[in-house]
1. Cβ-Cβ distance below 6 Å, separation of 6 or more or different chains: which pairs start in segment 407-421 with a residue that is within 14 Å of residue 511 (Cα to Cα) and end on one that is assigned to a loop (DSSP other than H, G, I, E, B)?
2. Within segment 232-247, which residues are part of a loop (DSSP other than H, G, I, E, B), free of Cβ contacts under 8 Å to residues at least 60 places away in the same chain and either of a type in the set (Phe, Trp, Tyr) or surrounded by 17 or more Cβ atoms within 10 Å (Cβ to Cβ) (or both)?
3. Find the residue count for segment 500-526, including only residues that are of a type in the set (Gly, Ala, Ser) and either more than 24 Å from residue 409 (Cβ to Cβ) or assigned by TED's automatic domain parsing to the domain that holds residue 349 (or both).
4. Taking residue 529, is it within 30 Å of residue 650 (Cα to Cα), among the acidic types (Asp, Glu), assigned by TED's automatic domain parsing to the domain that holds residue 626 and touching a Phe, Trp or Tyr at 6+ places or on another chain (Cβ under 8 Å)?
5. Whether any residue in segment 76-87 is at negative phi, modelled with pLDDT under 90 and in a loop (DSSP other than H, G, I, E, B) is what I want to check.
6. Just checking, does segment 318-338 include any residue being modelled with pLDDT of 95 or more, within 22 Å of residue 501 (Cα to Cα), among the aromatic types (Phe, Trp, Tyr) and in a strand (DSSP E or B)?
7. Against the condition crowded, with 21+ Cβ neighbours inside 10 Å, within 20 Å of residue 643 (Cα to Cα), not assigned by TED's automatic domain parsing to the domain that holds residue 190 and not aromatic (Phe, Trp, Tyr), how does residue 335 come out, does it pass?
Amino acid sequence: MFTKKRWALLLSLVAIVSVALVACQPASETVEVEVTRVVTETIEVEGEIVEVTRVVTETVIETVTVEDSPEAVAKDLIICDAQEPDNLYIYGTSMSASRGVQHAIFTDDYTNLAYGYQADGLEKLPSLEDGDAVINVVDVTAGTLVRDATDAVVPLEEGVVVVNADGEEVTFDGTPIPMEQMVVDFTMKQRYWSDGTPVTAADSLYSFGLNADPDTPWTRYALERTANYEATGDLSTRWTSVPGFKDATYFLNFWRPAPEHAWGNFSAAELLEAEASSRLPIGDGPFKIVEWVAGSSIYLEPNEHYYRAEEGLPYLDSVTFKFVPDTNQLMAQLLAGQCDIGLQNGMDAGQAPFLIEAEQNGLLVPYFQTGTVYEHIDFGVDSIDGYGDDEGRPDWFEDARVRQAMTMCTDRQSMVDSILYGRSEVIHTYVPSVHPLYPDELNEWPFDVAAANALLDEAGFVDSDGDGIREYPGGPNGEFAGEPFAVSLGTTSGNDMRQQLTQIFKENMLACGIEVELEYLPASEWFADGPDGPLFGRRFDLGEFAWLTSVEPSCSLYGSWNIPGPPEQAELYPSGWGGQNETGWRNEEFDAACQQALGSLPGTEAYESAHKEAQIIFSDQVPVIPLFLRLKVAATRPEVLNFNMDATQNSELYNIYEIDLDMGGS
């Protein structure tokens, strides 16, 4: 009899070993292991050769490489902020430092990303297309609260002017008027407060009541235009507008739930200061506050009842907000690993060179994001009586060609490159080019000194005496003819960025024969209401400052109805001295397009086309020179994952539930 054996591995090695962890380095160990094999033999049986297969388990001595299984390292994120929150009550603060912590302890009903809105804690954003938002026509009678033609909410009575369902302005004479009324339905996702109590529609109604309370210092614009806000189910609410109010952001009229079971024993006034609401509020977000050490830090741990916990969210084991008011200290702590994230409150474009160098050396990851604040230089197109318009001074800027030429003479890209290190962008209207309503047909005036000078020649502004400065051609009756084109540019003092950009502008204008004197005033003086303040009192030549753009293009900033002026001249200045269009520029076509846009709803063709048309007119007439978008600047350690900044979402911690730390690996 003879035997031949062939060996085949059936199962991998199975061993239970005890190994000391050595910093993720593979270790070689000599161990006893059980080896299970399939053995196939050929044997002779009664003169014939046959194969027999059997399973053999043996104990052998072998040397194996054992991969260490490191102990789990806690993911403790440290966020450094230059500011400490003043309050965390949802109706008690608008501070950006507070908003960052609120993102951690409350679920956002919606986000505001990339010049749009997205549902978060809601199942979806309602829309007219889907039918969870509708516009009804109702007959309105005397005594009913309505939105009148001036956007005021008043009881309907004889003499009140309203907009009827056909879009016509009519005066109430006692006859019922058909008016439009919006009805919008919202549904929450099932969420839980951090004590395990379910969040319900009743909590949203409770929040609505807090907002309405006279002791709550919060905006009431949408609330005052609400005819009814009611629960239609455990997780659903319905908003109904007052007749005549068509809200462009109707899909946001859901009131963030407040925990009535925890706050119900406090009055609205008490909630502003109560620890249960302002310091250690109960929330339904990914984290809960464990400790707040005044002047030092806020420590949070995951909310075990977070509605997305089954998805493994949040990823972090703890979050600490550390308050570091000194920018240099904040940067030093980032580099030393004592902070993982440095927020935008603690840095600006001035730190860009340092951050870029740190990035090149693999030490930090900087984030430069254009925001929604844009700098601009405004022309005093129509100044107040006694200051301009060929009365107190030449009417320098009435001719659009002069404004166009000065725009082409302004090297805006050099401002971006030298002040913001090339990380922002030149803008050409009151929204950036990435905005979904930015028109393809927009006139983007280039930097072209030759073309600018030619246009000024065409407008009659020439340098007749050869001193390098152009002269005014004269008003209708020859007023100020020959006056040197020398104007002032005012802005705020104590702002390095504005000092730099105004110096560049001054040099640019000399190349076009215009002399500019720079004036820097304290913000309190520069921005004072009219008639005293030079800017909004419309007593300036050129003015530099910033406006905020948003998802809805802010054409109303330049509407003629928004020109500041004496309230006794209501026909000319319906906004009184509270108006914002301090240029005094009036354009009927722009007004019509802007009013159509404001009276239309997002998603409609009228809304889109009117907003684009208004921008085209604005860019052609250039009542202001749009300069560039300000930067939002933040930085993280390389180990931080899923951190992001967005143009329209003001806080960079909107997605804190998915921010993570790479703890390394073997």
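1. 407/445; 407/622; 408/445; 408/448; 409/512; 411/447
2. Listed by number, the list holds a single entry, 235.
3. 2
4. yes
5. No, segment 76-87 has no match at all.
6. Scanning segment 318-338, I find no residue that is modelled with pLDDT of 95 or more, within 22 Å of residue 501 (Cα to Cα), among the aromatic types (Phe, Trp, Tyr) and in a strand (DSSP E or B), so the answer is no.
7. no
Yes or no, residue by residue, for (1) closer than 23 Å to residue 393 by Cα; (2) not hydroxyl-bearing (Ser, Thr, Tyr):
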residue	(1), (2)
485	yes, yes
493	no, no
496	no, yes
503	no, yes
526	yes, yes
536	yes, yes
562	no, yes
570	no, yes
574	no, yes
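The values are calculated or read from the model by the stated rules, or taken from the named source; none is laboratory data. Quantities reported herein were computed from a predicted structural model and do not represent experimental measurements. Backbone-built Cβ (ideal geometry, glycine too); neighbour counts: all protein chains shown.
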